[in-house]
Structure formats: structure tokens, C-alpha cells
Amino acid sequence: MAVAARVGIVGAGDNTRKKHIPGLRAIEGVEIVGVVNSSPASTRRAADEFGIPRTYNHWRELVEDRSLDAVVIGTWPNLHCEVTCAALEAGKHVLTEARMARDASEARRMLAASQKHPELVAQIVPSPFGLVQHEYVRKWIDDGFLGDFRELVVIGANDLFWDSSRELHWRQDREKSGLNMLALGILHEAALRWAPRPTRVFAQTTIFNSVLREPGGGTAQATVPDSVQILTLLEGGGRGLYHLSGVDLFGPGLQLHLYGSRGTIKLEVTPQERLLIGRAGDKQLAVAEIPAELRGGWRVEAEFIAAIRGEERVRFTDFATGVEYMEFTEAVHESSQEQRPVELPLAESRS
């Protein structure tokens, strides 16, 4: 019989509703006991919608509930650090939504809290991009398919924030979302699984649509760039190029390109996820057919509970990896503000 796990939810956001709640409930022995949202009304709605028996007036009450084993955090990034550290200190396993935090300093605090309690599972909801293809691509890379790594190209350009008459999205508010910009963090995390680490970044950013509508009326100022370009130097001498935008009509969408001396691997995330591969001598790239035994997928909730039960370790994504991508996004911000290259990893005193 599976070891029971009693879970509380802080912030029943979109991903929590669509992924985490059904994912947890599909696991034998897991019970979602309580929930708290940003207001009593939204807390009650979430409890009624999902049949969750217990509600709380504040997230601290949930974290301090001794009957709970684990906490799932589905809030905006501005609360991830505070709730995570409190939950770990209270003896709770933690699964927190991405981005890990607002900046590298908060991310390091979270990592330190998890290292203080190694008996507890600390997991970040991973970038979903490439999870299906991961083992297959990793095998090709490890077998030398790419040859010497030459270039990484990361593209995340669409028209999500093109309309200047729309309301300000929380991802355009630095106070809520932190230093991450557009799809930078979620794409870079996926790239880290396959490409060499960046050792230097040089970035430029701007905000084209700076004045938007406030959700409650009036105008609001966007404080997160909607256009980002980055050059990177990679371990081993390769180069990286990032193009992120939320204001490109008919933009190319989300893609990861890996270029080597012998072959090329491309992951197209949108409009339809597919993997393309080609090597020297091929006439064109071909759509990869992934064998069933190498085909991955979304199993975040299963991995979290299995790690709590001691059946496996967290692969996607642990806190150390989270700090790594948080340092990258902070380096991009610093470089764009100061118009100079920034070395990685960041010195802790600089963030």
C-alpha cells in the first residue's frame, strides 16, 4: 500500500487547476486536504470547485497546519521564496510553480532553506518544453550526433503583448514576476538540459508597449521588457543567440536549435511541437520518430510524490537547477541595464 501524502495548495492558479490537482489525485494515497488563495472569496471558490475540504484565511495558516505533509505553491513568483522557506521550516515538502523566484537572491535563499532540510523534497515545476523528447535527444547528443557544439539558438517571439490596448498582464509587472522576461526562463531551462552552460551574456532589451490598461481602470506602466536579444559565450567555446519578443506579429513562436560540426537538432514548440534532426550528408531535416521506450512526458506530480516516498529523485526540476536559470535571467537583466557583458556564474554579492 502506498504511503499516504496529505497536500495543501497555496494559490490555485491556472497550472495548478489544470495539471497539479488532477495529477495529484490520480496517485494512490494522495489527498488534497486544504487550499488558500489571495482572498476568502477565491479560496472558497477553489475549495468548492475541486471539493477540497479545508480552507485557510492566510497562507501561513496552511503552512503551519501539522496535518499536512506537503505544500504546492501556485502563486505568482513574488510569493515563491517566502512561502517555500516557511513551508520547509515547518517540515513540509514543497512543489513550487515556476519561475523559481523573482531574482537570484531569492532563489539562493530557497536553495539554502532546502539544503538545511535535506530530508524534505524541494521541487520546481519544470519547463514542459522538450520533456517528451528529452531522453531521445540526450542519447543522440551523448552518442556524438552533433559533433563539436557550435551554436545554440533560442527563439521565443510571438504577439502575446502586441496589443497596446489590452490590460497589463502580471508577467509585465516586475514586482509580481521578477526579473524574468517573456519566455526567457522557461526556454533557457529547457536549453540547459541539452546545451553547454553559458559563461557570459551580453543583452539588450526594450519595452515597446509601455503604457497599458490597469485591470481596475486607468493606465498602468509595463516594467518588464517585451523585446529581448542576447548573445552568449558557452562552455567549450560555442555561442548562443536568444530572440525573445511579445510584440512580433506572425513571429516564429518558440524554438530551440542546437548546431554542431556534424549535425543539427531543432525543437519546435509552437505552433506544433515536433523534433527535427539532420546530419552531414542529409538533404534536409527530418521529423524524428521517438521510440516508445525513450518517449518522456509530463509526470511532475508523480515525480514529486515518488520523491517524497523515497522511490526516486527529483530530475525536473531541483532547486540547484533553478538557481542556475535564475542567475542567467538576472545576468541578462544586469547586462541590458549596464550595457556590458556579464560573467556567469554570478557572484552572490552582486545579486
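Only residues that are free of Cβ contacts under 8 Å to residues at least 40 places away in the same chain and over 16 Å from Trp194 (Cβ atoms) were counted in segment 234-270, giving 1. Is it the case that some residue within segment 56-67 is in contact with a Ser or Thr (Cβ under 6 Å, 6 or more places away or on another chain) and either buried (at least 22 other Cβ atoms within 10 Å of the Cβ) or among the polar types (S, T, N, Q) (or both)? No, segment 56-67 has no match at all. The combined condition, being in contact (Cβ under 8 Å) with a residue 40 or more places away in the chain, crowded, with 20+ Cβ neighbours inside 10 Å and within 30 Å of Ala26 (Cα to Cα), is fulfilled by Glu303. Segment 46-165 holds strands (runs of 3 or more DSSP E) entirely within its bounds, and those carrying 2 or more residues that are assigned by TED's automatic domain parsing to the domain that holds Gly278 and touching a residue at least 24 places away in the same chain (Cβ under 8 Å) map to 149-157.
Asn209 falls short on exactly one of the conditions (1) crowded, with 18+ Cβ neighbours inside 10 Å; (2) under 25 Å from Val125 (Cα atoms); (3) free of Cβ contacts under 8 Å to residues at least 60 places away in the same chain, and that condition is (2). In this structure, does Glu348 turn out to be over 20 Å from the mean Cα position of the chain (by Cα) and not polar (S, T, N, Q)? So Glu348 passes the test. A residue that is assigned to a loop (DSSP other than H, G, I, E, B) and either among the charged types (D, E, K, R) or over 17 Å from the mean Cα position of the chain (by Cα) (or both) occurs somewhere in segment 313-326. Could you tell me which of the residues Gly253, Gly240, Gly236 is surrounded by fewer than 19 Cβ atoms within 10 Å (Cβ to Cβ), under 21 Å from the mean Cα position of the chain (by Cα) and at pLDDT 95 or above? Gly253 is the lone residue from the list that is surrounded by fewer than 19 Cβ atoms within 10 Å (Cβ to Cβ), under 21 Å from the mean Cα position of the chain (by Cα) and at pLDDT 95 or above. Here segment 15-41 is the region considered, the condition is being out of contact with any strand residue (DSSP E or B) (no Cβ under 8 Å at 6 or more places or on another chain) and without any contact (Cβ under 8 Å) to a residue 12 or more places away in the chain, and the residue that is farthest from Glu303 (Cα to Cα) is Ala41. Keeping to segment 327-345, report how many residues are under 21 Å from the mean Cα position of the chain (by Cα) and outside any helix (DSSP H, G or I). Selection size over segment 327-345: 2.
The values are calculated or read from the model by the stated rules, or taken from the named source; none is laboratory data. These numbers come from a predicted model, not from an experiment. Cβ: placed from backbone, ideal geometry, glycine included. Neighbour counts: every protein chain shown.
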